[in-house]
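One structure is given below, encoded as structure tokens.
The values are calculated or read from the model by the stated rules, or taken from the named source; none is laboratory data. Quantities reported herein were computed from a predicted structural model and do not represent experimental measurements. So basically every Cβ, Gly included, is an ideal-geometry build from the backbone, and we count neighbours across all protein chains shown.
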Amino acid sequence: MADFDLVIIGGGPSGYVAAIYAAQKGIKTALVEKQGGIGGTCLNVGCIPSKALLHASELLHMIQNEGKDWGIKSSEVEVDFSSMMKKKDEIVKKLTGGIDYLLKKNKVERIIGTAMFKDKETLLVGETKITAKHFMIATGSESMVLPFLPIDEERILTSTGALSLKHVPKKLLIIGGGVIGLELGSFYARLGAEVEVIEFLDRIIAEYDEDISSVFQRILEKQGLTFHLGAKVVAGKKVDEGVLLTVETKNGTKDFFSDHVLVAIGRKAFTQGLALENAGVLVDKKGFIEVDGYFKTSQPHIFAVGDAIGGAMLAHKGSAEGVCAVDIILGHETNMKYGAIPGVIYTTPEVATVGVSENRLKEKKIPYKVVKFPFAANSRYVATGGTDPCFVKYLVCEETKRLFGASIIAPHAGEMIGEPTLAITAGLTLDLLAKTIHAHPTLLEALHETALGSLGHFHHI
Amino acid sequence: MTKIEVKVPSVGESVTEVTISKILFDNGAFVEEDAIVIELESDKASVEVPAPKSGAIVFTKKVGDVVGVGTVFATIDPTVKIDPPPSIVTEKNPPSITTPPKSEQKTLRPTSGGVREGLDAHIEKTLEKKIDVQPQGQLPKEVSTRVKMPKIRTVIAKRLVGVKNETAMLTTFNEVDMSQVIHIRNREKEGFLKKHGVNLSFLPFFMKAASQALKEFPEVNAYIDGDEIVYNKNVHMSIAVSTQKGLVVPVIRNIDSMSLVEMTKKMNTLAEIAREGKLSISDMAGGTFTITNGGVFGSMLSTPILNPPQSAILGLHNIVERAVVVSGKIEIRPVMYLALSYDHRIIDGKDSVQFLVRIKHLIEDPTLYILGE
């Protein structure tokens, strides 16, 4: 008799949500996570602390800069960086406490420690042997690093270190123009750091559509960030009071000096110490755990979800996969729609997307129509002082009047992306989106206009 | 050694295609020679196909596919000798915790498949035309679902409309006092069950009466073929049986030479096979007259539709105690309404009415059987 029906390894958004759901469905569930690790990367060193800090820097920006436009004058504004960090830590603590409470309330057994497989059916947490009918690996991911640039989290940082610096750097070099690099770059730029981004590809946020990338880059440049595209960091070393990077750019090899470097070139599966080989669980070439269409690893009773299996490194993607895998264990009908996972960059303005990219449609030779609506024609945006070239973009199937994808670059884009996400999930038509009454004046009206425009009749342009 | 192809067998004359109704093994599973691997459904019957050899089977068609006779629907690799050991999960799991089909576990697909709908699946769904709930000022619609019409249903539909179009069908009615038959049944049923192992029901009385009447009215037992009338020498009685897949009509052959006990046994056997969906084509072919009993579902009166190429069908209904006048007095009697639908092209009104009256008399006074009157 196994100790548990299901043992989940990893207390991040994939693991803890699956654990709560499984327990609610009457499965005898345990969750293994080391001390202080509950909430995973997202809550401790990812989404949540970065959003807290971005909010603080936005506040500063508003007081310092935007206030003037409205006749709000402030004399000397002072930033107490350590208080800002403390506030962030308090928020993280409050939220992790919340998860602990939820696990307890739903009677999920918490096993504190680091797990390793002894064999297919046994997990070792310290000295304790745990058996289960099913296992779920949700151990997440860790930052990828450059071989010549060992991380010390003081000068050479991953996102983890960048979220707990002691002071605002004078200059910050960011390797990687993706979501993580740009969010943190945005934060430090607002606090006064000189931020330069080195991106290997010829555009930032390459997973987004090209028009979104270029507008976003222009907006960030206006905020003080500098970009070096098509540039490859080939060497780097710590020197006095900083780091020196050698970068191959389009205009030849250049040296970049900075007091701190943030390496944000992507994330890789974190499975170290799990001893997957003891359980016969296979990983692919990149180290991600291989799963089939049912989240089953090469051992059919061992499931894997979240960052550890690759795909979009998003908390909500992992949570959805975890719940989906529990449904598989229960034998319930279920599905996981990868075409309806929103992605958000929490800068100001925010950038959000859902569905497939324009490039993918082009590659597959699928006929589509692009419909855009500028926030310059949205009354709420204008009323709140918006001047950036923000817009909504829908990729439309004209024949079925449905959405292939949507992108938004605007304040609160992360909230607004919920509308096209729902439309894609439910297969709603643009007729229905156009028929939906949106409150006035709201930013969401821009989405309404885009739906109307998709049908050929914008109201406000 | 090469793989063995498993083909759709010939399932009877005039059947050219069948629908795959059930696949009994997962892809890659080991099957024993002669084990049933697939169930096919034709317009007329369900057919099970056994494995021609032992080995690992891989299906190339899926449930719902319409396949022609002779089409390869699976291959068997005879070099595989034993069943792969069942996974730990299936062994140990309580029934509540299930796992998806084994076949899906074999292939490792990192981004999609199974329940995981990737980006391309989203593109396909977006392109898919489907009926959407539209907001355009309409009253709420009934939510409906669309399913492909099962083969058996399309054939039923086609045949029924054909009958309406190609015959001159009408119905005559009568009522029958069931007192005598009920009396006999109540008296004999225990002994009958003990002796013959089957329940004594009302239907065989009607089968008996009808086969007697059919001998006396040969047109009712005949059918039209082109410009000729074919008179059947024997009575092969079709009995309508309701099953999950629809109505099927097995035939009791040469019923005119059977005793009531034989009829009862034969009918029970056929009804059972029918409900299991295992009637063969020959079990349903060659009937000359049909009895259908809507009474079991509570029907008071109906106009049954002909079972072509037959010329008449007898409809039985529920037995209800009714006030009837017997020798000048009102009495309570168990009464059943009878309906005979017939093809007026071949059966005259007089004959149809007298045929039904004859059945009525034989039921109301079963001693007539004995007397041969």
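Summary of values
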item	result
Scan of the range A:428-460 for residues that are over 18 Å from A:Leu395 (Cα atoms) and assigned to a loop (DSSP other than H, G, I, E, B), ordered by number	A:Thr436, A:Ile437, A:His438, A:Ala439, A:His440, A:Pro441, A:Thr442, A:Leu443, A:His459, A:His460
Filter result (touching a residue at least 40 places away in the same chain (Cβ under 8 Å) and at the interface with chain B (Cβ under 7 Å from one of its Cβ atoms)) within the range A:310-335	A:Gly310, A:Ile329, A:Leu330
Single match in A:Val370, A:Val354, A:Val392 (criterion: within 12 Å of chain B (Cβ to nearest Cβ) and assigned to a strand (DSSP E or B))	A:Val354
Complete set of residues in the range A:334-351 that are under 14 Å from B:Gly118 (Cβ atoms) and part of a loop (DSSP other than H, G, I, E, B)	A:Asn335, A:Ile341
Test for A:Lys296: is it more than 23 Å from the chain's Cα centre (by Cα) and over 27 Å from A:Gly11 (Cβ atoms)	no
Unique match (being among the charged types (D, E, K, R) and surrounded by 17 or more Cβ atoms within 10 Å (Cβ to Cβ)) among A:Glu78, A:Glu109, A:Glu90, A:Glu66	A:Glu109
Positions within the range B:315-332 being touching a Ser or Thr at 6+ places or on another chain (Cβ under 7 Å) and either surrounded by fewer than 18 Cβ atoms within 10 Å (Cβ to Cβ) or under 20 Å from B:Ala222 (Cβ atoms) (or both), in sequence order	B:Gly315, B:Asn318
Qualifying residue in the range B:249-266 (condition: closer than 23 Å to B:Leu40 by Cβ and at pLDDT below 90)	yes
2 or more residues touching a residue at least 24 places away in the same chain (Cβ under 8 Å) and surrounded by 16 or more Cβ atoms within 10 Å (Cβ to Cβ): qualifying strands (runs of 3 or more DSSP E) within the range B:173-240	B:222-225, B:237-239
The range A:395-408 residues that are over 21 Å from A:Ser214 (Cβ atoms) and facing chain B (nearest Cβ under 9 Å), paired with ones that are surrounded by 24 or more Cβ atoms within 10 Å (Cβ to Cβ) and modelled with pLDDT under 95 (beta carbon under 7 Å, 6 or more apart)	A:Cys397/B:Thr126; A:Thr400/B:Thr126; A:Arg402/B:Thr126; A:Leu403/B:Thr126
Within the range B:333-363, considering residues that are among the polar types (S, T, N, Q) and surrounded by 19 or more Cβ atoms within 10 Å (Cβ to Cβ), the one nearest to B:Gly295 (Cα to Cα)	B:Ser341
Single condition A:Leu282 does not satisfy, out of (1) crowded, with 22+ Cβ neighbours inside 10 Å; (2) among the hydrophobic types (A, V, I, L, M, F, W, C); (3) within 14 Å of another protein chain (Cβ to nearest Cβ)	(1)
Residues of the range B:286-308 that turn out to be under 15 Å from the mean Cα position of the chain (by Cα) and under 14 Å from B:Tyr337 (Cα atoms), as a count	4
Number of the exception - A:Tyr381 against (1) out of contact with any Phe, Trp or Tyr (no Cβ under 6 Å at 6 or more places or on another chain); (2) part of a helix (DSSP H, G or I)	(1)
Answer residue from the range A:1-32, given it is aliphatic (A, V, I, L, M) and in contact with an Asp or Glu (Cβ under 6 Å, 6 or more places away or on another chain) and is farthest from A:Ala269 (Cα to Cα) among those	A:Ile27
Meets criteria (at pLDDT 95 or above, surrounded by fewer than 23 Cβ atoms within 10 Å (Cβ to Cβ), in contact with an Asp or Glu (Cβ under 8 Å, 6 or more places away or on another chain) and of a type outside the set (A, V, I, L, M)) for A:His412	yes
Subset of the range A:245-279 that is surrounded by 14 or more Cβ atoms within 10 Å (Cβ to Cβ) and charged (D, E, K, R) - its residue that is farthest from the other protein chains (Cβ to nearest Cβ)	A:Asp259
Qualifying residue in the range A:182-202 (condition: within 28 Å of A:Ala308 (Cβ to Cβ), out of contact with any Phe, Trp or Tyr (no Cβ under 7 Å at 6 or more places or on another chain) and surrounded by fewer than 19 Cβ atoms within 10 Å (Cβ to Cβ))	yes
Unique residue being part of a strand (DSSP E or B), farther than 15 Å from A:Ser258 by Cα and in contact (Cβ under 8 Å) with a residue 24 or more places away in the chain when the list is A:Phe135, A:Phe227, A:Phe148, A:Phe216	A:Phe135
Residue among B:Ala274, B:Ala240 that is under 15 Å from B:Pro204 (Cα atoms) and out of contact with any Lys or Arg (no Cβ under 8 Å at 6 or more places or on another chain)	B:Ala240
Residue in the range A:416-433 that is in contact with a helix residue (DSSP H, G or I) (Cβ under 8 Å, 6 or more places away or on another chain), polar (S, T, N, Q), away from chain B (no Cβ under 12 Å) and buried (at least 20 other Cβ atoms within 10 Å of the Cβ) present	no
Selected residue [touching a Pro at 6+ places or on another chain (Cβ under 6 Å), modelled with pLDDT of 95 or more and either not assigned by TED's automatic domain parsing to the domain that holds A:Pro300 or not aromatic (Phe, Trp, Tyr) (or both)] from A:Lys104, A:Lys118, A:Lys129, A:Lys88	A:Lys88
Any chance A:Ser164 is surrounded by fewer than 19 Cβ atoms within 10 Å (Cβ to Cβ), outside the structural domain of A:Ala308 (by TED's automatic domain parsing) and part of a loop (DSSP other than H, G, I, E, B)	yes
Test: residue in the range B:48-69 that is among the small types (Gly, Ala, Ser), surrounded by 17 or more Cβ atoms within 10 Å (Cβ to Cβ) and closer than 17 Å to B:Lys245 by Cβ	no
Some residue of the range A:289-308 being more than 11 Å from every other protein chain (Cβ to nearest Cβ) and among the β-branched types (Val, Ile, Thr)	no
Residue check for A:Ile175: touching a Phe, Trp or Tyr at 6+ places or on another chain (Cβ under 8 Å) and buried (at least 24 other Cβ atoms within 10 Å of the Cβ)	no
Residue match in the range B:157-178 (condition: at pLDDT 90 or above and over 28 Å from B:Ser341 (Cα atoms))	no
